[in-house]
Amino acid sequence: MVNFTILAGGYTAAISVFSFNTDTSKLSLVGTPSGGENPGWVQAAPGSKAVLCETGDGGVASFRVGSGGDLTQVSRGYSSGSPASLGVLPNGKEVVVANYDVGSVTSFPIGDDGLTLGDATPILQLEGSGPNPDRQTSPHPHHVVPYGDEVLIPDLGSDKVWRLVKGSSGGYEVAASVDMVPGSGPRH
């Protein structure tokens, strides 16, 4: 028998912890520890017993995952925006955050413990709009896709996917952007 621990975010004040039993195919709710306000996006950090989530109040929080799925908040930072998604780089040393409402991208260094967040660093203020006046009057970065040393950012508001790379100074630079079908609003 194998049991998997599954964490699920949502628009509540908790991260739901489930246990999935592979023999019985039963999914059971284990608990709902606090996850901050609206932990809508939850992601495991590579190589550690940590998860990070964005919170509806503009924050990013990291949690230590204990045996049985109990969560202990270790660190918290603010992205100066309204995060919709975040992505932990494959090396586990940085988390990049897409701030939907303000159209920006921010990063936080992650300490050697895989849990402690450093100070937020603005990466990019996006520009542009799309043809749909109900949702595309300004840029809306919707997701973060780490890919090796690069980061891809789908932008619902400007119908682009941005490709960011680390420059020689160590900061991110726009390497390219791909124009999507007007009005398509790329997300995930």
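The values are calculated or read from the model by the stated rules, or taken from the named source; none is laboratory data. Keep in mind the model is a prediction, meaning the values are calculated, not measured. Note that each Cβ is placed from the backbone with ideal geometry, even for glycine, and that neighbours are counted across all protein chains shown.
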Residue count, the stretch 149-188 (criterion: assigned to a strand (DSSP E or B) and either within 11 Å of residue 123 (Cβ to Cβ) or of a type in the set (Val, Ile, Thr) (or both)): 11
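Which residue out of 92, 77 is within 19 Å of residue 56 (Cα to Cα) and not aliphatic (A, V, I, L, M)?
Working: 92 fails: within 19 Å of residue 56 (Cα to Cα).
Testing whether each residue is within 19 Å of residue 56 (Cα to Cα) and not aliphatic (A, V, I, L, M) leaves just 77.
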Flag for residue 34 being within 23 Å of residue 108 (Cα to Cα), of a type in the set (Gly, Ala, Ser) and surrounded by fewer than 18 Cβ atoms within 10 Å (Cβ to Cβ): yes
Of residues in the stretch 59-112 being in contact (Cβ under 8 Å) with a residue 40 or more places away in the chain and charged (D, E, K, R), the one nearest to residue 172 (Cα to Cα): 76
Where residue 115 falls short, out of the listed (1) in a loop (DSSP other than H, G, I, E, B); (2) farther than 26 Å from residue 149 by Cβ; (3) of a type outside the set (Gly, Ala, Ser): (2)
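Taking into account only those residues within the stretch 1-38 that are assigned to a loop (DSSP other than H, G, I, E, B) and at pLDDT 90 or above, which is nearest to residue 145 (Cα to Cα)?
9
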